[in-house]
Structure formats: C-alpha cells, structure tokens
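First the structure, in the form of structure tokens, and then the observations on it.
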Amino acid sequence: MKSKMVLLLATGIVLCSSCVSSQKYNSLEVDYQSLLDDRELLNGQLNEINAERAKLAARNQVLELDMQDVESLRAEKESLQKQLKDLRVMFDRTSAARASESSGMTRQIQHDQEELQRREDELKTRQAELEQMQEAMEERNRRLIELEGILARKDSVVAALKAKVSDALLGFIDKGLTVTQKNGKVYVSMDEKLLFKSGSYDIDPQGAGAVKELGKVLSTNADINVMIEGHTDDVPYRSKGDLKDNWDLSVKRATTVVRVLLQSGIDGKRLIASGHAEFAPLNEGKTPVIRQKNRRTEIILTPKLDELFNILESN
C-alpha cells in the first residue's frame, strides 16, 4: 500500500517538475528520499514483523502441539488416576483379604502350637509314666528275684524237713505212716489203725510214740507251723458219750494229737487243730479198703514265710 503511494507521488512530481520551482523540487526530493527511507524502515519493520509473526506461528504451532500433548497427558493422567484408584480399591480388598487370611493363619498357627505343646506335655507325661512303670517293673523284678530266692530256700527247707521227719519216723513207715512233700509242705499221714481204735479218740501208745518222735524234730525247728487235721470215712458215727457225729470225732482226734505235741515242748502258737469229718476224703470210693484209707490223721508241716509275707505286704 505504501509503495503504491510512493510511486504515485514520484510520478506526480515528475509530471509537475516543469511547473514547480527548483527549490520546491529539491524540497520534494528531500521528502521523496525521506519517504524512501521511511519505506526502507517500514520494510525492515515489516520483515521483522513477518519474522516475529513466523516465530509466533511456529510457537503457536508448538503450543498447539503442546496443548495436544497436555490434553493427551491430561487424559493419560485421568486414566492413570482411575487405574490408581482401582489399584487402591484392589489393594484395600487384597489387604483386607490378606489380613483376614493372616488372622486365620495366625489362629491356625497358634492352634497348631497349642496342639504341639499339648502333645509335648502329653509325651512328657507318658515318658514320666513310662519311667515310673520301668522303675516299678525293675522293682518288681527285684522283688520277684527275691521271692524266687525265698521260695528256693523254702523248697530246700521243706526237702530238708521231709528228710529229717522221714529219718525220725523211719520205724513207723510200714505201720500205717507216710511222709510226703507237696505244695511246699510236708504231710505226715497216719492211718487210724496207728493212732486210734475205731470210733475212739484215745490215742494208741504206739501212735503216741510216733507223734512224740515227730515232736522232737519240730521242737528243734521253731520256724515250722503245724496243722493237725482229723478225717473220718462216710459211715455215720453212732452217737455215744460226748461225741455226736463224725465232726466231733475228727476234731477230738486232732486235739488229742495236739496235746501230745504240746508235751514235746512245742509252742501252742504254732499248732492248729481242725476236723474235716468225711468231707475231705482221699478217695470217693465206698469199699472197706478205701474207707480205711480215708480214716486218717494228717499232720501238715509248713515253713514260716515271714520274709515272703513281708515282701507281699510291701507291695
């Protein structure tokens, strides 16, 4: 626009140069030059403006790109924030689940530990019981060995006693007297014919002699208890005098033998008299021979077992 004005102005000046004065021409020339300078200046400014405008356009383009990036970043930010929110929700749920699971595991672990402790305590208790049982078993074994020793000594004593009694009563062996050993005892069995007449409890002198010989052996062995048992057959006793039946007869015969033994100096505390009548026969038969064998007096010799009884009582 300005260049067109300058051109018109220059044309006008040429057309009018003939009719203007030299001074005015010079003035116009100065103005023209001034206009040319202004034009140069304006062109320079215009170039600067165009350059600045280009810069602004470029910057604006950059800004537009930046705004797109910002929008993209904003959208990405919002997406990330949403993801973060979702993650937090998931984290909270997971934390709650883990806390619950952890609590459950803690309770399970505590239960397992308590169960383990209970079993350990039970094991210790059982181990203590086992040790006590072991000690008790060892003690019982010790006592058993001790008992076996006592029983062995008892058997030895009984065998020795039987030998002494057999030797002392050797002269009566073929006269209705037997000496046997059984159940840890010595049995001296005397037939009725050796000691008493039929139906009587008065002792025969020969039988009294046998009892006295036995008494000599027993008086020197104070650790022997003596039981005297009277036995009859199954024939009912005909009551006469102070005897009513076979019970009376069997007991009377036993006490008669006791009195003979007492005369030998045996302590009465060691003696026991009992009667069995016909109720402990050697044989259940009914023949005269069997009934004769059932009519007997038995003297049962038993070694004292104080040691054994003390051990048993201590159990």
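In the chain, the longest principal axis of the Cα atoms and the axis of helix 2-15 are about 10 degrees apart. Residue-wise HN-Hα couplings along region 131-138, as the Karplus relation 6.51 cos²θ - 1.76 cosθ + 1.60 with θ = phi - 60° gives them from phi, are 5, 5, 5, 5, 5, 4, 5, 4 Hz; Gly and Pro carry x. Computed on the Cα atoms alone, the convex hull of region 170-315 gives a volume of 130 cubic angstrom per residue. Comparing 207, 26, 54 along the charge dipole axis of the chain, the residue lying farthest to the positive side is 207, per the Cβ-charge model.
What relative contact order, as a whole-number percentage, does the chain give when Cα pairs under 8 Å and 6 or more residues apart are counted? Please report the intermediate quantities before stating the final value.
Numbers: 285 pairs, mean separation 48.0, N = 315.
That works out to 15 percent.
Averaging the sequence gap over all C-alpha pairs within less than 8 Å and six or more residues apart, then dividing by the number of residues, gives region 157-314 a relative contact order of 29 percent.
Quick check on the chain: helices-only [θ] at 222 nm, where DSSP H runs of length 4 and up contribute -39,500 (n - 2.57) each and the sum goes over total residues. Nearest 500, please. Let's see the in-between values first.
On the way: 7 runs with 214 residues, N = 315.
Using -39500 (n - 2.57) per qualifying helix, the result is -24500 deg cm²/dmol.
Which percent of Cα pairs goes in each bin when the distances of the chain are cut into 10 angstrom slices starting at zero? Calculated P(r), rounded to whole percents: 5, 14, 12, 8, 5, 4, 4, 4, 4, 4, 4, 3, 3, 3, 3, 3, 3, 3, 4, 4, 2, 0.
On the beta carbon distance between residue 180 and residue 124, with R0 = 35 Å, the FRET formula returns roughly 0.05. The 3J(HN,Hα) values that the Karplus relation (6.51, -1.76, 1.60; θ = phi - 60°) gives for region 100-115 are, in residue order, 5, 5, 4, 4, x, 5, 4, 5, 5, 4, 4, 5, 5, 5, 5, 5 Hz. Gly and Pro appear as x. What separates the Cα centres of region 252-306 and region 146-184 is a distance of 16 Å. Across region 256-263, coupling constants 3J(HN,Hα) worked out from phi with the 6.51/-1.76/1.60 Karplus curve, θ = phi - 60°, read 5, 5, 4, 5, 5, 5, 4, 5 Hz, and Gly and Pro carry x.
So, by mean Cβ neighbours within 10 angstrom, what's the order for 294-304, 33-43 with the highest one leading?
Working: 294-304: 21.5, 33-43: 12.1.
Going from most to least packed, we get 294-304, 33-43.
FYI, it's all coordinate maths here, none of it is from the lab. Here the structure is a predicted model, which means the values were calculated and not measured. Here Cβ is always computed from backbone atoms with ideal geometry, including for glycine, and neighbour counts include all displayed protein chains.
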